[in-house]
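One structure is given below, encoded as structure tokens.
The values are calculated or read from the model by the stated rules, or taken from the named source; none is laboratory data. The model shown is predicted, which means the values in this text are computed figures rather than measured ones. We place every Cβ from the backbone using ideal geometry, glycine too, and count neighbours over all the protein chains shown. Heavy atoms of the whole protein, side chains included, go into the accessibility calculation; ligands, DNA and RNA do not. Shrake-Rupley method; radii C 1.70, N 1.55, O 1.52, S 1.80 Å.
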Amino acid sequence: MRKVLRWLLSLAILMGAVGAGATGASAAPAAPAQPDIKERVLAIPGMRFVEEQPYEGYRFLVFTYTQPVDHRHPSQGTFQQRFTLLHKATDRPTVFYTSGYNVTTAPRRSEPTQIVDGNQVSLEYRFFTPSRPQPADWSKLDIWQAASDQHRLYRALKPVYGKNWLATGGSKGGMTATYYRRFYPRDMNGTIAYVAPNDVVDKEDSAYDRFFGHVGTAECRDKLNAVQREALVRRDEIVTRYQKWADDEGQTFTVVGSADKAYENVVLDLVWAFWQYHLLKDCADVPAPTASTDELYGFIDEISGFSAYTDQGLETYTPYYYQAGTELGSPTFATPHLDGLLRYPGIYAPRSYVPRDIPMRFHPAAMRDIDRWVRQDAQRMLFVYGQNDPWGAERFRVGKGAKDAYVYTVAGGNHGSNIAQLSAEEKAKATAEVQRWAGVSQTREPLARHDAKLDRRGIEREPVLRP
């Protein structure tokens, strides 16, 4: 028996030696498996899982994170703030995205995420439902509190995603990314802000008059002004139809006051909204002032949207209008071609769109502080604007004190302008800058392949208003 055991032991040793010789080394102990990314995030205090949606090459998860209502006094209540995670790998850079509005709970990839082939964290802006404290103390909706939301979530996720981080967003999201950089300049390795307005002095808006006096061609400007005027000439006929539509659809006008008041706002949006969402070539589709009322009605609805100033249309954007009337500011522009046709002076203002039980007081120092910081202290920041986008009439500019900071303009671009639409030379330069900040290879081309669904670009339908 002993001989048999010794023979088996010798055979086992011999087989082990043969196996080691075949592989060239002895077998190493298996590395412990990394915890699932969902479980790693849920291990962070304050995280709650909502859902997961499958997407090839990624994990797409929706969470909420417990945030203080007031970051200055964290003990005074909390709320659940929704965010999504498009997870690729923890050894890739992460892009922190916000639209400045509700978060999209479907997989999407911002342009910087595609450029650096990274992860993406997308945060819903505070007070946009369901990320709204209950009861809602609207005085806690300001740019510092929102930046502090981002800072706190970043610090929670940084131990999981340890590589470089970039902040980005478009329109109000571009503003949000800029404000975050101003208040927490050490968090992000770079910031890419798209079509971000910069209303430094709310009451001085002559830049918009200059913009509308030169945008596009004289022929197109005249066509738009003529159809806008005709929309008010025929207002009684169209408002009757508008009211019937609202009754049929269960839409109401309690906040703005009446269908007639709402219609005046819709018409005032017309020229601005055309340039915001369309291109010069679309001037061919602008109807003549002699067009039928049916055609005129359809054009107004397509460009401005009759639902925008109903109670139901306003409700979604109440947090935006509140911020426009308390810190962000809002555009004013002259309309001499409408003289004698406007019935409600002063109605085209943020206060008109927020329920009266929500108090509002404007703080003029907020945007002056942001503008001064960007001009003097911005570092590793990149701004992209569209030449024909009215929101770019008042834009961010970088001064001598700024370092590694850039402003690009897309020729003929609208509110959807991005890096991909720049000239070839500028596109390559901007792409390389973003990759450098992310700490990845600089190829002057996006590192991730285009995905038609994941990279679908939409223009934020930002409300248009003036104080």
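Each peptide in 143-149, 77-83 was scored by the mean count of other Cβ atoms within 10 Å over its residues; highest first, the order is 143-149, 77-83. Near the amide H of Tyr408, within less than 5 Å, lie the amide hydrogens of Phe383, Val384, Tyr385, all on another chain or at least 5 residues away, with H placed in the peptide plane.
When you count the other C-beta atoms within 10 angstrom of each residue and take the mean per peptide, 316-322, 170-176, 158-164, 384-390 line up highest first as 170-176, 384-390, 316-322, 158-164. The charge dipole of segment 329-413, taken about the Cα centre with unit charges on the Cβ atoms of Lys, Arg (+1) and Asp, Glu (-1), comes to about 220 debye, rounded to the nearest 20. Taking only protein heavy atoms and a 1.4 Å probe, the accessible area of segment 126-168 is 47% carbon and sulfur. Segment Arg444..Thr240, full-extension length gain: 67.9 nm, with 0.36 nm per residue of separation and the alpha-carbon distance subtracted. Just to be sure I follow: if Rg is taken over the C-alpha atoms of segment 174-317 and Rh is the Kirkwood radius over the same atoms, what is Rg/Rh? On the Cα set of segment 174-317, Rg over Rh gives 1.05. Expressed as an acute angle from 0 to 90° and rounded to the nearest 10, what is the orientation of the C-alpha long axis of helix 365-377 relative to the principal long axis of the chain? That works out to roughly 50 degrees. What the phi angles of segment 129-142 give under the Karplus curve with 6.51, -1.76 and 1.60, with θ = phi - 60°, is a coupling list of 5, x, 7, 10, x, 10, x, 8, 9, 5, 5, 8, 9, 8 Hz, glycine and proline written as x. Summarising the amide proton neighbourhood of Ser258: residues at separation of 5 or more, or on other chains, whose placed amide H is nearer than 5 Å comprise an empty set. Taking every protein chain into account, the 1.4 Å probe leaves His151 with about 40 Å² of accessible area, to the nearest ten.
Ranking Ala291, Val266, Asn414 by how far each Cα lies toward the positive end of the dipole of the chain (charges on Cβ) leaves Asn414 at the top. Computed over protein heavy atoms with a 1.4 Å probe, the carbon and sulfur contribution to the accessible area of segment 249-365 reaches 53%. Rolling a 1.4 Å probe over the protein heavy atoms leaves Val398 with an accessible area of roughly 50 Å².
Listed values for segment 276-283 are Karplus-derived 3J(HN,Hα) couplings in whole Hz (6.51 cos²θ - 1.76 cosθ + 1.60, θ = phi - 60°), namely 5, 10, 10, 10, 4, 4, 6, 4, and x replaces Gly and Pro.
Think of it as helices only: each DSSP H run of n ≥ 4 in the chain is worth -39500 (n - 2.57), and spread over all residues that comes to -11500 deg cm²/dmol at 222 nm. The heavy atoms of Asp369 present about 40 square angstrom of accessible area, all protein chains included, probe 1.4 Å.
In order along segment 354-363, phi translates into HN-Hα couplings of 10, x, 5, 7, 9, x, 9, 9, 7, 10 Hz, rounded to whole numbers, per the Karplus curve 6.51 cos²θ - 1.76 cosθ + 1.60 with θ = phi - 60° and x for Gly and Pro.
Can you give the accessible area per residue of the chain, in Å², using a 1.4 Å probe?
Ligands and nucleic acids excluded, the figure is 45 Å² per residue.
Count Lys and Arg as plus one, Asp and Glu as minus one, and take only other residues whose Cβ is under 11 Å from that of Asp451; the net charge is then +3. Where both residues lie in the chain, what percent of DSSP beta bridges are antiparallel, nearest 5? Approximately 50 percent, going by the DSSP bridge assignments.
What the Cα convex hull of segment 283-430 gives, in volume per residue, is 173 Å³. Under the convention that each Lys and Arg Cβ holds +1 and each Asp and Glu Cβ holds -1, the size of the dipole of the chain around its Cα centre is about 2700 debye. Taking the Cα centre of segment 224-271 as origin and assigning +1 to Lys and Arg Cβ atoms and -1 to Asp and Glu Cβ atoms, the resulting dipole is close to 140 debye.
Cross-link check: pairs Lys172/Lys281; Lys172/Lys427; Lys281/Lys453; Lys38/Lys158; Lys203/Lys400 evaluated at a Cα-Cα cut-off of 21 Å; pairs beyond the cut-off: Lys172/Lys281; Lys172/Lys427; Lys281/Lys453; Lys203/Lys400. Across segment 318-467, Cα pairs under 8 Å and at least six residues apart give a relative contact order of 25 percent. Amide H to amide H distances under 5 Å link Phe79 with Gln67, Val69, where only residues 5 or more positions off or on other chains count and H is placed in the peptide plane. Stokes-Einstein diffusion for the chain at 20 °C, viscosity 1.002 mPa s, with a Kirkwood radius from C-alpha pairs, works out to 87 µm²/s.
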